[in-house]
Amino acid sequence: MPVSAPGPVVPATGPSDGGLTLLVIEDDPAGSLSMPELADMTVVAGKPVRIRTARNLTEAERLLTHDVQCILLDLALPAGDPAGGDPDAPRDELETLRRVLRLAPRHAVLALTSENDAERAAEAVRVGAQDYLFRDELDGRVLSRAIRYAVERKRADLAQHQLTESRLRAQENARLERGLLPHPLLAGSDLRFAARYRPGRSRALLGGDFYDTVRTPDGTVHAMIGDVCGHGPDEAALGAELRIAWRALTLAGLHGAELLGVLQEVLEHERADEEIFATLCTLDIAPDGRSAALHLAGHPAPLLARPGEPPCLLPQDDGGPALGLLPSARWPRLEVALGDAWSLLMYTDGLIEGRVGGPEGGARRLGQEGMIEMIARQMKEGLSGEELLDAAVTEVRALNGEELTDDLAVLLLDRLGG
């Protein structure tokens, strides 16, 4: 399911007085960095500056506390032994800088070098330093400006990096969730298929509702729709597992109550809480398309519409309990006559439990009767297939007066007859 996000990359924070601490790393305390201009530089952008010095990376690591925002590194600092201790191995002139960047990934880094070493200074920026300074031009004013620039650039870099990671995670999650939505397997069938899906979670692509449709080699079309109680990512994951398990079991030849019993075992093993259950409706449509076997596990019955007749619900009084409620449950098989031409609408309770009259309309819900009236009117207006589902979902949302809070899934199968 969706990929979890790591903790945010937070830039180094300054002292409580709003000032700034600069860590200078150079191996000659009596060298150019001890110039009076540096010692006298006590203010950057109107804020006090504290200066710490380290002669090597061991000292630097000890002095690198959370209140240090900027590091001034002398590129002439020895890098130590070549890799592996081989005296003939080539030295990396920026190895010390690379070590500092690994040691302090949240800190701004300024590289210090001589004016005749401009190429290495530019390479230091490409490696990861925020800026470089020439030792011969260094004074308090130049260093003050460079520190302020480096700190702000590092903050901007970290913010951009975090934004990029967030976008990549969002794209990955979207691809993952889209991949968990089913692609119907109806090759060779004369039935038309349409579906609509809207998760109740804000900005989610997948909720606890699930559906699927497959045609087996004997010509039977098997359709299913279900609803895991709850609306979070755990419920969405469980719904996806149940949908995939249903398809695998159906293609393996299981159907009816036997299939529901295995799905209940899957739910019991995979759910995070013993209180979690799932409702389910399955239809096994005969190869000639004129009849079907219906199994209900605590789920509302499908809506059947035939030419010249008002839409009506299939029988639902003799259904069984939802999956996960009773360890030895039974799910009776209900035989349904469909006829020559028909439309079957399978749905979750998100379609019927929205309010009628908007947020101020009280507790009255659309319900199954309201849904039947709505679908009958829309079909009388000539809507079918994708257009019918679009109109139904749009009207339900409009009647609710705001976005639906429950997951919603609708599946429509049509047989034109002939």
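The values are calculated or read from the model by the stated rules, or taken from the named source; none is laboratory data. Please read all numbers here as calculations on a predicted model, not as lab measurements. Reconstructed Cβ throughout: ideal geometry from the backbone, glycine too, with neighbour counts over all protein chains shown.
So in the stretch 26-55, with the set limited to residues that are within 44 Å of the chain's Cα centre (by Cα) and part of a loop (DSSP other than H, G, I, E, B), which one is modelled with the lowest pLDDT? Taking the candidates together, the pick is Ala45.
Checking each residue of the stretch 120-129 against the condition of being assigned to a loop (DSSP other than H, G, I, E, B), at pLDDT below 90 and under 26 Å from Arg62 (Cβ atoms) gives no match.
Output the residues belonging to the stretch 391-418 that are within 19 Å of Thr213 (Cβ to Cβ) and part of a helix (DSSP H, G or I). Passing the criteria: Ala392, Val393. As for the stretch 163-175, it holds no residue that is surrounded by 12 or more Cβ atoms within 10 Å (Cβ to Cβ) and either modelled with pLDDT of 80 or more or more than 40 Å from the chain's Cα centre (by Cα) (or both). Residues in the stretch 233-248 that are more than 16 Å from Leu323 (Cα to Cα) and over 20 Å from the mean Cα position of the chain (by Cα): Arg247, Ala248.
Would you confirm whether or not the stretch 340-348 contains a residue that is touching a residue at least 12 places away in the same chain (Cβ under 8 Å), closer than 22 Å to Ala194 by Cα and surrounded by fewer than 18 Cβ atoms within 10 Å (Cβ to Cβ)? Within the stretch 340-348, one or more residues are touching a residue at least 12 places away in the same chain (Cβ under 8 Å), closer than 22 Å to Ala194 by Cα and surrounded by fewer than 18 Cβ atoms within 10 Å (Cβ to Cβ). Which residue is farthest from Val356 (Cα to Cα), if the candidates are limited to the stretch 374-385 and must be surrounded by 14 or more Cβ atoms within 10 Å (Cβ to Cβ) and not polar (S, T, N, Q)? Among those residues, the one meeting the criterion is Leu383.
Cβ separations smaller than 8 Å between residues 6+ apart or across chains give no pair from the stretch 139-160 residues that are more than 12 Å from Leu110 (Cβ to Cβ) to residues that are modelled with pLDDT of 85 or more and of a type in the set (Asp, Glu).
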